[in-house]
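To start, the structure itself, in structure tokens.
Throughout, read-outs are computed from the coordinates displayed, never taken from laboratory work. Keep in mind the model is a prediction, meaning the values are calculated, not measured. Glycine gets a Cβ as well: all are built from the backbone with ideal geometry, and neighbour counts include every protein chain shown.
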Amino acid sequence: MSKRTLDDLVEIMAKLRGNPGCPWDKSQTHETLKPFIIEEAYEVVDAISRKSREDLIEELGDLLLQIVFHSRIGEERGEFDIGDVIEGICEKMIRRHPHIFGDVAVEGTDEVLKNWEEIKREEKDMKSEAESMMNIPKALPALMKAFKVQEKAARVGFDWDDISGAIDKVYEELDELKEVYNAGNSDKIREEMGDLLFACVNVARFLEVEPELALNDAVKKFINRFNFVEATAAEFDKNLRDMSLQEMEELWQQSKKQEKKF
């Protein structure tokens, strides 16, 4: 049995949006679908993190569906179709890989990325690095956006010589946060908190760690440990609300020891 193709998915979406069609699918617009494409992208990342082949196939399909969905809406409006989307990305990949499809020579990944950025700036007629920073999608999560801004600044030499400068900056920003907190300056607390987070992202960049993924892992770890604390307390007929912080901390340390066994 032959596998279905992209054309089959495009046809399915046309039927869903056609007559009689599906009432829900027919009511969607580019705007209403925004939360779904973000959610599906994160579910792809989650499937990769869990190393689940089956889930990755499913989630990539869900993400592809969103692309076909938006393309169908564009086609109905006479603006573009899936063919335009495919043509556009093919042309972009060829333009931005002159070392593969042209006669440009590169010596490594760094040169590839440098060429990519230069070609991108030419395409979008960006005259400065600051303009390139402003062109970063506003809908990106703040940690990802900070990471990209710092990468662009580093490309023109606006960067620490090594990670020690970035780490020192974290301590500096933490001291400034403590200062405004102790002074009761609520207007400045948010600003200094932002500076501290920005500095932490810079350290992550030096370590070649994606801060968004690292924080997601930390959240997952916290939830797993908290679940252990809550479940262990329940085994002794205890409610967390009735326990002291010290008692909960003891269970927290037990959860950490459990992790090391695996």
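Observations
- Annotation for region 144-163 versus region 81-130: alpha-carbon center distance of 21 Å.
- Of 10, 177, 216, farthest towards positive along the dipole that unit charges on Lys, Arg, Asp, Glu beta carbons give the chain: 10
- Exposure proxy order (Cβ contacts within 10 Å, fewest to most) of 257, 120: 257, 120
- Restricting attention to region 126-209, lysine pairs at least eight places apart or on different chains and with alpha-carbon atoms under 15 angstrom apart total 4.
- Neighbourhood net charge (14 Å Cβ-Cβ; Lys/Arg +1, Asp/Glu -1) for residue 256: +2
- Shown for 57, 189: other C-beta atoms within 10 Å of each C-beta, ranked fewest to most, produce the order 57, 189.
- For the chain, a Kirkwood radius taken over Cα pairs fed into Stokes-Einstein (37 °C, viscosity 0.692 mPa s) yields D = 140 µm²/s.
- Förster-model FRET efficiency, 35 Å R0, residue 249 and residue 46, C-beta, rounded to 0.05: 0.70
- Taking 7 Å steps out from each Cα toward its Cβ at residue 163 and residue 39 produces label points 3.8 nm apart.
- Taking the Cα centre of region 213-260 as origin and assigning +1 to Lys and Arg Cβ atoms and -1 to Asp and Glu Cβ atoms, the resulting dipole is close to 280 debye.
- Label-to-label distance, residue 176 versus residue 261, with points set 7 angstrom from Cα along the beta-carbon direction: 4.6 nm.
- Rotationally averaged projected area of region 83-159 (alpha carbon convex hull; nm²): 6.4
- Magnitude of the charge dipole for region 6-94, about its Cα centre and with charges confined to Cβ atoms of Lys, Arg (+1) and Asp, Glu (-1), is about 140 debye.
- Neighbour-count order for 140, 215, fewest beta carbons within 10 angstrom listed first: 140, 215
- Here the gap between residue 106 and residue 25, fully extended at 0.36 nm per residue and compared with their Cα-Cα distance, gives a gain of 24.5 nm.
- GNM top mover of 149, 203, 104 - the chain, alpha-carbon springs below 10 Å: 104
- Each stretch of four or more DSSP H residues adds -39500 (n - 2.57); spread over every residue of the chain, this sum gives -24500 deg cm²/dmol at 222 nm.
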